[in-house]
Every structure is written in C-alpha cells, then in structure tokens.
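Below you'll find the structure, written out as structure tokens, and then a few comments.
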Amino acid sequence: MRELIVTGLSAKYGLAVALTDVSLAVRTGETVGLLGRNGAGKTTLLKSIINNPELSASGEVTVDGTSLRKVPTYRVARRGVAWVPDNRRIFTALSVEENLHIARSRRAAPDQLERVLASVPLVEKLLKRRGFELSGGEQQAVTIARALMSAPDFLLLDEPTEGLSPLIVEQLQESIARLPALFDLGILVTEQNFRFVTALADRVHILETGSAVWTGTPDELVARPDLINRHLSVGEK
Ligand SMILES: Nc1ncnc2c1ncn2[C@@H]1O[C@H](COP(=O)(O)OP(=O)(O)OP(=O)(O)O)[C@@H](O)[C@H]1O
Ligand SMILES: [Mg+2]
C-alpha cells in the first residue's frame, strides 16, 4: 500500500488566499471525494498537490513519506501522481491513440495500453479519432485513459462529471469505480455532484471558502441533508 498525505496545505494566488490548512490522506486501493461549491478551493487543492506554478502553497504533501513540495509540476507524474484537469486539455489536433502514446511513462507496463483500453471501455473505439471530434464524455474518458498511461499510484480527478449528461455520468462512474482495484491506485476526486462522489468514495471531505469543514463516510453524508443543501448540488443534471 502507498499513501499520499496532505498536511496543513494552504495556498494563495498572489495575495488572494484560496486554501487554508487542509489535511487529508489517500491510500492506494481507495477513493477520496472532495466536495464543495464553486470557488470552494477544490481545484486549488489539486493544483497545490502538484505544485502548479499559478499559486504559492505552504504545508506538506508526501508520497510514502517523501515530500513532493519541491518537485516541479512536470515531474510529479514520475512520482506516481497524475492530474486530470477539469478542462480536459487533450491535444485536439492529435488522434486519441497519439494522445495516449505521448502520455506513456517509463513506469508503464509493456501491456499498459491494453490494460487501459480494457478498463475504460469507450476509448478503444475512439483510437483513430482526432481530439476535436470527441464529445465531452468521450474527452473525459480519453483524459482518464491518458492519465492511466503514466501508471500512476494516485489519480487526481477534477470535476469529471462537469457538463456531462446523466447517462454518460453513469458510465463514467462505472469505469472510475473499477480503477483502484484494477490498477492498485488511489483516487482523489473533486465534484459538485454529490451523488457521483457518494457512490464512489470511501471518505468525503467538504471544502468551504478554502477550508475543510466536514469529513466523513458517504453514508454519514447522506444522513446529513443540512450539509448537502448548504455545500452541494444534488447532481440531478
Ligand atoms: N488563477 C487564479 N487566480 C486568482 N484567483 C484564483 C485563480 N484560480 C482560482 N482562484 C480563486 O481561488 C478560489 C478557489 O477557486 P477554485 O478554482 O479552487 O475553486 P473550485 O472549488 O475548484 O470551484 P469550481 O467548482 O468552480 O471549479 C476562488 O475564490 C477563485 O476565485
Ligand atoms: Mg474547480
């Protein structure tokens, strides 16, 4: 088992504080959800973990006891932490196959592509398509597949359901649910869609204006309609 531990993480964009003293842990084999409304700090937390240069962060982030704090963003993937940004950012002029190929890392197994295609079923049919020809749901599946090509121990997924139809969200949920066991990885997933996260996560953290205000299991959260109304959208879309 490997462990990603975030301790007392705070972050600022220039002088604007966006995250204050957040602590959480993700182990391989499990999924941790991060919920909160627009601007709560979810993306900022993921960007702080990977040392995104847009912000300045303080606090500690370790993988198996080794600090990530001084590791430049482009090298964080080599330490086994893969970021799937909310805007999907696939290379639209390249084919899906090319997108997957360039993401492959030295950590990847010889049969990594086959394993990835078997675990994110939609992608195999899309290999020859160009990025710009894909729907939102297809792009999301490809971005996750691309992150898996680096054989990560931890996958940071930023609002994967944003803008997707309920049917596509359901398919995505099924794919993501299988990943921790199939690839022995841990997932940290941010969402505003509370149903999606409670279906997937072992533990949930709620952020409000940059601070963690509640932590518990999905069952505990489902029993707290007050929290759901205050912090979340119910994901009917
Ligand atoms: N590049 C930036 N420069 C300055 N402020 C920023 C920047 N990105 C985010 N912020 C601010 O930081 C705070 C947290 O934003 P963040 O994007 O982390 O929220 P979020 O929970 O991901 O929201 P959403 O659900 O809309 O994606 C907000 O007040 C936001 O305006
Ligand atoms: Mg965000």
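The values are calculated or read from the model by the stated rules, or taken from the named source; none is laboratory data. Not measured: the values here are computed from a predicted model. No Cβ is skipped: glycine too gets one built from the backbone with ideal geometry, and neighbour counts run over all protein chains shown. Heads up: the accessible areas ignore ligands, DNA and RNA and are worked out on the full protein's heavy atoms, side chains in. Shrake-Rupley method; radii C 1.70, N 1.55, O 1.52, S 1.80 Å.
Can you tell me which residues in segment 18-73 are surrounded by fewer than 15 Cβ atoms within 10 Å (Cβ to Cβ) and assigned to a strand (DSSP E or B)? Of everything in segment 18-73, those that are surrounded by fewer than 15 Cβ atoms within 10 Å (Cβ to Cβ) and assigned to a strand (DSSP E or B) turn out to be Asp21, Ser23, Ser56, Ser58, Glu60, Thr66, Ser67. Considering only residues that are more than 11 Å from ligand 1 (Cβ to nearest atom) and out of contact with any Pro (no Cβ under 9 Å at 6 or more places or on another chain), which ones fall in segment 48-65? Those that are more than 11 Å from ligand 1 (Cβ to nearest atom) and out of contact with any Pro (no Cβ under 9 Å at 6 or more places or on another chain): Ile49, Ile50, Ser56, Ala57, Ser58, Gly59, Glu60, Val61, Thr62, Val63, Asp64, Gly65. Scanning segment 104-125 for residues that are in a helix (DSSP H, G or I), free of Cβ contacts under 8 Å to residues at least 60 places away in the same chain and surrounded by fewer than 22 Cβ atoms within 10 Å (Cβ to Cβ) returns Gln112, Leu113, Glu114, Leu117, Ala118, Pro121, Leu122, Glu124, Lys125. Are any of the residues in segment 10-19 within 19 Å of Leu68 (Cα to Cα) and within 17 Å of the chain's Cα centre (by Cα)? Taking every residue of segment 10-19 in turn, none turns out to be within 19 Å of Leu68 (Cα to Cα) and within 17 Å of the chain's Cα centre (by Cα). Within segment 157-175, being more than 21 Å from Gly131 (Cβ to Cβ) and in contact with a Leu (Cβ under 7 Å, 6 or more places away or on another chain) holds for one residue alone: Gln173. Given the structure, is Glu98 at negative phi, exposed (fewer than 14 other Cβ atoms within 10 Å of the Cβ) and out of contact with any helix residue (DSSP H, G or I) (no Cβ under 6 Å at 6 or more places or on another chain)? No; evaluated as a whole, the condition is false for this residue.
Annotation note: Cβ proximity below 8 Å between a residue of segment 32-44 that is in contact (Cβ under 8 Å) with a residue 60 or more places away in the chain and a residue that is of a type in the set (Ser, Thr, Tyr) and more than 8 Å from ligand 1 (Cβ to nearest atom) (sequence gap 6+ or interchain) occurs for Gly33/Thr198; Arg37/Ser233; Gly41/Ser211.
If you go through segment 33-47 and keep only what is more than 6 Å from ligand 1 (Cβ to nearest atom) and not basic (Lys, Arg), you end up with Gly33, Leu34, Leu35, Leu45, Leu46. Could you count how many residues in segment 45-65 are at positive phi, touching a Ser or Thr at 6+ places or on another chain (Cβ under 6 Å) and in contact (Cβ under 8 Å) with a residue 40 or more places away in the chain? So the answer is 1. Which ones in segment 74-91 are more than 16 Å from ligand 1 (Cβ to nearest atom), farther than 23 Å from Lys12 by Cα and open to solvent by 70 Å² or more (accessible area, probe 1.4 Å)? Scanning segment 74-91 gives Arg78, Arg79, Phe91. Among the residues making up segment 26-67, a single one is of a type in the set (Ser, Thr, Tyr) and within 14 Å of Val204 (Cβ to Cβ): Thr31. Within segment 195-230, being closer than 19 Å to Ala177 by Cα and acidic (Asp, Glu) holds for Asp202, Asp219.
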